[in-house]
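None of the figures in this text is laboratory data; all of them are computed from the coordinates on show. In this text, all values refer to a predicted model and were calculated from it rather than measured experimentally. Methodologically, a virtual Cβ is constructed for each residue, glycine included, from the backbone with ideal geometry; neighbour enumeration extends over all protein chains shown.
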Amino acid sequence: MKRLALVLVAFLLATGAFAQSATEQFGAIINEASEARWLQVNVDDSLDFIEQVEPFLLDVRRQDEFDLGHIEFAVLIPVTELADRLGELPENKDTPMIIYCAAGTRGMWALSLVKLAGYTNVRNMSGGFNAWKAAGYPIVE
């Protein structure tokens, strides 16, 4: 958890976000998140969204977790590497995106980082891959 906080702070420093007041930026994200039920989407709604919209799927788990199973078409960028690999995300910052991890915590960290990078249409899948798999939804093994 400390490493994730350090990654987020490092990103803010590297992008000059503190010049515009990181507190204001993060506060805006927190306000938006709380108004949008913390930018969470459950696995049932995630499945519908994936089938209808075909969003960019970002898996922020570790490689070993990804190798054991993931959602089809998901792109793996571990949350600990995300700040350094933002260039691998879609160029269009309005691209629909679902982020997931194993249970939701790393996904929330990643969501905060992606929102700070300017992405506007991002949701974290509540319950993460564990909830997806428990619901019996398709996975790649």
**Asked** What is the spin-label model distance, in nm, from ASN130 to PHE73 if the labels are put 7 Å beyond Cα along the C-beta direction?
**Response** 2.7 nm
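By how many nm would the segment from GLU65 to VAL53 lengthen if fully extended, with 0.36 nm per residue of separation less the alpha-carbon distance?
Values: separation 12, 0.36 × 12 = 4.32 nm, distance 2.57 nm.
Length difference between fully extended and current span is 1.7 nm.
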**Prompt:** Can you list the residues, at least 5 places off or on another chain, whose amide H is less than 5 Å from the amide H of ASN124, using H built in the peptide plane?
**Reply:** GLN40, VAL41, ILE99
